[in-house]
Amino acid sequence: MVVDVLHPGKPSIKKTEIREKLAHMYRTQPDVVFCFGFRTVFGGGKSTGFALIYDTLDLAKKFEPKHRLARHGLVETKRMPRKQRKERKNRMKKVRGTKKASVKDAKKK
C-alpha cells in the first residue's frame, strides 16, 4: 500500500515509528509490517512511501527480499572482506568452465 505521513515541524520520521503506527491501525504485530521507499517532500512536513503487511512472519520471510529482511534483523548476511572477494574473482578469471566452482570453494575451507 502507499503510505502518506504528515509530520509538520519534523524533518522526517523513523520507519520504526511508522511500523508501530500501522501495526496499531491494522491490529497486527509490528514484526509483519515492512515499510520502505519513503521520500520526503521538499520543505518537509510530508513523506510518501510503501508498506506491506503480512499475515504471519513465515509468509513475510517467504516473500520479502533478503535485504529488507536483513534490515529487520530477521536474516544475517555474511560477507567476506572486499579484498578477499576481489582476489577470488581474479582467481576465477584464470580458469574456464566447471573448474571455477573448485577455485571458488577452495578458499572457503
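The values are calculated or read from the model by the stated rules, or taken from the named source; none is laboratory data. None of the values given here were measured: they were computed from a predicted structure. Cβ placement follows ideal geometry from the backbone for every residue including glycine, while neighbour counts extend to all protein chains displayed. Just so you know, the surface numbers come from the protein's heavy atoms only, side chains and all, with ligands and any DNA or RNA stripped out. Shrake-Rupley method; radii C 1.70, N 1.55, O 1.52, S 1.80 Å.
Side notes on the structure shown:
- Residue match in region 2-17 (condition: part of a helix (DSSP H, G or I), out of contact with any helix residue (DSSP H, G or I) (no Cβ under 8 Å at 6 or more places or on another chain), open to solvent by 60 Å² or more (accessible area, probe 1.4 Å) and not β-branched (Val, Ile, Thr)): yes
- Flag if Arg82 is more than 30 Å from Val32 (Cα to Cα) and touching a Lys or Arg at 6+ places or on another chain (Cβ under 7 Å): no
- Considering only residues in region 18-47 that are outside any strand (DSSP E or B) and polar (S, T, N, Q), the one that is surrounded by the most Cβ atoms within 10 Å (Cβ to Cβ) turns out to be Thr28.
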